[in-house]
1. Ranked from the most accessible area to the least, with a 1.4 Å probe and all protein chains present, what is the order of A:LYS18, B:LYS27, A:LYS222?
2. Between B:ALA195 and residues 5 or more places away or on another chain, which pairs have amide H atoms under 5 Å apart, with H built 1.01 Å from N, and which residues are they?
3. In Å², and per residue, what accessible area does region B:18-85 have when probed at 1.4 Å with the other protein chains present?
4. Can you compute 3J(HN,Hα) from phi for each residue in region A:206-217, using the Karplus curve 6.51 cos²θ - 1.76 cosθ + 1.60 with θ = phi - 60°, rounded to whole Hz and x for Gly and Pro?
5. Summed for both chains, how many Å² of accessible area, to the nearest 100, are buried between A and B with a 1.4 Å probe?
6. Return the whole-Å distance between the Cα centroid of region A:53-86 and the Cα centroid of region A:189-254.
7. Distances from A:ALA225 to the same residue in each other copy, label points 7 Å out along Cα→Cβ, in nm, shortest first?
8. Quick one: with label points 7 Å out along Cα→Cβ, list the inter-copy distances for A:ARG171 in nm, shortest first?
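The values are calculated or read from the model by the stated rules, or taken from the named source; none is laboratory data. All of these numbers come straight from a predicted model, not from anything done at the bench. Ideal geometry is used to build each Cβ from the backbone, glycine not excepted, and the neighbour counts take in all protein chains shown. Areas reflect the complete protein model, heavy atoms only, side chains present, ligands, DNA and RNA absent. Shrake-Rupley method; radii C 1.70, N 1.55, O 1.52, S 1.80 Å.
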There are 2 protein chains.
Amino acid sequence: MMGPMTTRSQPMVSEPRKALRVYLHLKDRILSGTLASAARMPSEPDLAIEHGVSRVTIRGALERLAEEGLVERRPGSGTYVRAASRSGAIVADFSNVFTHLVEMGRRTDVRLISFGYASPTPAVAEALGLGPGEEVQRSVRVRIADGTPFSYLVTYVPKRIGISYSEADLRSTPLLELLERSGARVASARQTVGATQAGPEIAEALGTETGAALLSITRIVKDEAGAGVEYLYALYRPDLYELQLDLERTKRGSAMRWAAKSPVATGRPANATEPRNPKKTGTGKRKTTR
Amino acid sequence: MMGPMTTRSQPMVSEPRKALRVYLHLKDRILSGTLASAARMPSEPDLAIEHGVSRVTIRGALERLAEEGLVERRPGSGTYVRAASRSGAIVADFSNVFTHLVEMGRRTDVRLISFGYASPTPAVAEALGLGPGEEVQRSVRVRIADGTPFSYLVTYVPKRIGISYSEADLRSTPLLELLERSGARVASARQTVGATQAGPEIAEALGTETGAALLSITRIVKDEAGAGVEYLYALYRPDLYELQLDLERTKRGSAMRWAAKSPVATGRPANATEPRNPKKTGTGKRKTTR
DNA sequence: CTAAGCTGTCTGGTGAAAAAGACAAGATCG
DNA sequence: CGATCTTGTCTTTTTCACCAGACAGCTTAG
């Protein structure tokens, strides 16, 4: 019960740093339209001079762009920009997250990584309004759609509520449904959205590389009495999951008020016909042919 | 109007790779509560063994955590976890973004980085419903609160609307107000939220390091006739800016519907009494005392 | 067809990050 | 007090990401 004994003794191809810079630079230029779409990019030697790095570094960046389908490499001819073709991502309507999650819980797989009871973090205890000695049930789950993991969920539920369902229940049923079933009267929720870099284990669980940007959502759910019911810390792969919110202007003179539109239920796990990023094998592409 | 001739020939302190891994690993453990708060962390030699790296690498990671206020280092005693103390960030209510932005536009500074007219990206043209030859006004702005830049905004406005205000107007007045003033009847908006890694120039503009995670918002604003008025691509520093949405359950039998709560106006640029991260000088912490 | 230019794939050389270890100074506990 | 922990700060050595350059195979322009 502590060091899970993961010695982390992989070969670890290790990640290029300069190449990352160039990669991000070019990605920005492509996405922001500074680099005309469908046009041919500068040649590798030119890019190498422009960025003050060697050609191998440039190649590293271009290979990555090619893997993500942002460019197309034609041997002997050049590297060509491909219009992003944004798609394949699950779109979640923000004002409708719960319903959506329930729907999704039935269409996606769940992998339960951790399950147990412990003392809450101060932050969690405060958010849920727990007493000093009160324990919480902590679970870590990974949600998978079409074989690809897209979200990493850490949930905290007060022990008194958590004991009403089993580990197996969590594996098969959305947490919110379990809470309802246990008699908790869910009434309100506060969600905070941010972003973080993926740590090594989370990156591995989500099939990304360490340091990748993830969408983070912290959700605090309370019942009718205002007591904390659930504390969720969720991380999403932004290429597979997006939040969406439609706003409408409420006609109210000069008040300039806006209201969330009615739930549109855009969500659809879908069969995502996308470039299907080959996972990048840790991060390296290094042939290691030697 | 193409290669801005940025030769990028900096010395480039270059970033540790292994240290980054350890840093992110420990950060995750602290934030997810696996590492008990206020407790003493394992000693540097222990961490070195656990992660299979040398002590200097561990120190690199710990120094970074200390800079962000996540841990406290006490010479001779140990390194102690500090409860995150989430604060200092501007909190924007999601369902109320517009009003909020208008308020903020008056309390924050704006730096206009780029301004001009050009052909839109296919994606932008489609989103705004533009004709083949129609041009857009493209502007890049950085918003600054208390001397610290926190958002990077790229906006596209159809030329016919864009010409109604000047470059100086953009510097001083929120875009949405300008659009209103020009007679556009803003009626609806769709926002999509995601995350990305900061490219070199964006990172510099926002005072973060290259590769840092940023919150991204894409907003498409339309008028009463359904014609596109504004396309916004915004990047936010997640440590300085958060989205928030309060949900309430609408009492409607078993329908399980949720609605956004009325605007609470939590936003407050504030004087952010936080650890005030010393900016990390590009990325390095290296003492360079020699 | 020929020549120029591009990507793909090697080679060996170089410098900085990381490793390994030693030592000092402060904290803690018996 | 004194033994033993901790972090802080040096050393020297090793490793590997990056660089420079060459060459093959392909595409395209002339």
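1. Numbers: A:LYS18 105, B:LYS27 40, A:LYS222 70 Å².
The residues order as A:LYS18, A:LYS222, B:LYS27, largest area first.
2. B:SER216
3. On the way: 3090 Å² over 68 residues.
On a per-residue basis, region B:18-85 sits at 45 Å².
4. Whole-Hz 3J(HN,Hα) from phi for region A:206-217: 9, x, 10, 9, 4, x, 5, 7, 10, 7, 10, 10.
5. Details: alone 17080 and 17110 Å², together 27650 Å².
Accessible area lost upon association: around 6500 Å².
6. Answer, in whole Å: 31.
7. The answer, with the shortest distance listed first, is 5.7 nm.
8. Those label-point separations list as 6.4 nm.
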